[in-house]
């Protein structure tokens, strides 16, 4: 479904991504982890072309993200994305946040979109919050709305960029629960996260990044059982030791 | 102290002054709307990553902002008709007339200032909002219209209105092309009736009252908005 082939990215002379290659098969859940500044977020933003890259190729459902003739808005509309800071549109009600893409991009009627949005809000447990503004919701609630907004586009895959990093601890689980459920339903997911508990329960594969490189790309069991690279071992020992 | 004052002159001049005020308000409003629309376009150009768009917009803004307003008004009134005659070769080509040339001058001048305000407003919207809009599949145009500009303008309303108040005062410069705005009307009556002190005091009072209450309104709006945030 998602093929990342040998991509490289530079900010001026500083290389943030170095020859990264990995893939996410249909129905697979891949967790990307690594210390901060290792390029995880940049990598996941390359998948839907939010960050341009100078070398290599990213294919989503057989379409090249970097090719100049690719209809990027169209491709992006088929990939859901959830951000660290939720990024709900603060000037729109919750329901309008979820309707926007359906109406403007998919061309659904307002009624059709609202029906779909309400179903999704019910699914993430926020049906009563439809007429509120994002600012009136807690962080966990906002992130669940953001997931509903992404799902409303009927995506073929979902990208999560540190979806729980900006949340208070007591709200992390309500978001992870929604994500776990999605994974169980067979959604193709690429998740940048530090939640190793989530990774060990839900992921099929774990990609470990450091200094812009993919250090390790392994089945979950292998990664948590015995990571090959020293840096991954070091990272795991730091993150699991408390 | 007011014993030598003739307040009657003000009362007699009121209908004429009223016309002048309508002219002032109309010119302010039209130039403000035109300036904001044009300024938004310039701001989008300046923020573009294409140098072919950003460089001309930047040049325009810097040029207009380093030029006295009165000079811009003169240009459009005296030089543009000359240029048109030269270009078309028609010695009888008419100018635009004082009102239209003043309106264009004010609009273009204000656009340069509004451009910078609006550019800052757009940049005040977090980058993540742009990402989120794009990630949904919205195009550049849709993202701007539905997500970025509504938030930017909400942040900018107070400063846009403040710029409008400055413009309201600046429109008094139209006297240089022979138009009669509120200030011009006061000035004409003052000289006709030899009542300079009364008329100029009255004009100052009216300007003060209108501008002060408008800035008060802006302050109120700002406070209200900050509470809601």
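Here are a few things to note about the model shown:
- Single condition residue B:34 does not satisfy, out of (1) more than 13 Å from the chain's Cα centre (by Cα); (2) at pLDDT 95 or above: (1)
- Candidates B:125, B:147, B:130: the one that is touching a helix residue (DSSP H, G or I) at 6+ places or on another chain (Cβ under 8 Å), within 14 Å of chain A (Cβ to nearest Cβ) and not in a helix (DSSP H, G or I) is B:125.
- Top-ranked residue of the range B:133-143 - restricted to ones that are assigned to a helix (DSSP H, G or I) and surrounded by fewer than 20 Cβ atoms within 10 Å (Cβ to Cβ), ranked as nearest to the other protein chains (Cβ to nearest Cβ): B:142
- Of all residues in the range A:93-115 being assigned to a loop (DSSP other than H, G, I, E, B) and over 26 Å from residue A:172 (Cβ atoms), the one that is nearest to the other protein chains (Cβ to nearest Cβ): A:105
- Taking first residues from the range A:31-52 that are within 11 Å of chain B (Cβ to nearest Cβ) and partners that are crowded, with 23+ Cβ neighbours inside 10 Å and part of a loop (DSSP other than H, G, I, E, B), the Cβ contacts under 6 Å between residues at least 6 apart in sequence or on separate chains come to A:49/A:65.
- Meets criteria (touching a helix residue (DSSP H, G or I) at 6+ places or on another chain (Cβ under 8 Å), loosely packed, with under 14 Cβ neighbours inside 10 Å, in contact (Cβ under 8 Å) with a residue 24 or more places away in the chain and within 30 Å of residue B:205 (Cβ to Cβ)) for residue B:109: no
- Of all residues in the range A:59-77, those that are touching a residue at least 60 places away in the same chain (Cβ under 8 Å), surrounded by 18 or more Cβ atoms within 10 Å (Cβ to Cβ) and not in a strand (DSSP E or B) total 1.
- Residue in the range A:78-92 that is within 14 Å of chain B (Cβ to nearest Cβ) and part of a helix (DSSP H, G or I) present: no
- Looking at A:101, A:56, just one residue is more than 16 Å from the chain's Cα centre (by Cα) and surrounded by fewer than 18 Cβ atoms within 10 Å (Cβ to Cβ), and that residue is A:56.
- The strands (runs of 3 or more DSSP E) falling completely within the range A:168-237 that include 3 or more residues that are without any contact (Cβ under 8 Å) to a residue 24 or more places away in the chain and more than 24 Å from residue A:139 (Cα to Cα) map to A:213-219.
- Applying the condition of being more than 14 Å from chain B (Cβ to nearest Cβ) and surrounded by fewer than 20 Cβ atoms within 10 Å (Cβ to Cβ) to the range A:127-138 and asking which residue is farthest from residue A:176 (Cα to Cα) yields A:131.
The values are calculated or read from the model by the stated rules, or taken from the named source; none is laboratory data. All figures in this text were calculated on a predicted structure; none of them were measured in a lab. Here the Cβ is made from the backbone with ideal geometry for all residues, glycine too, and neighbour counts use every protein chain on show.
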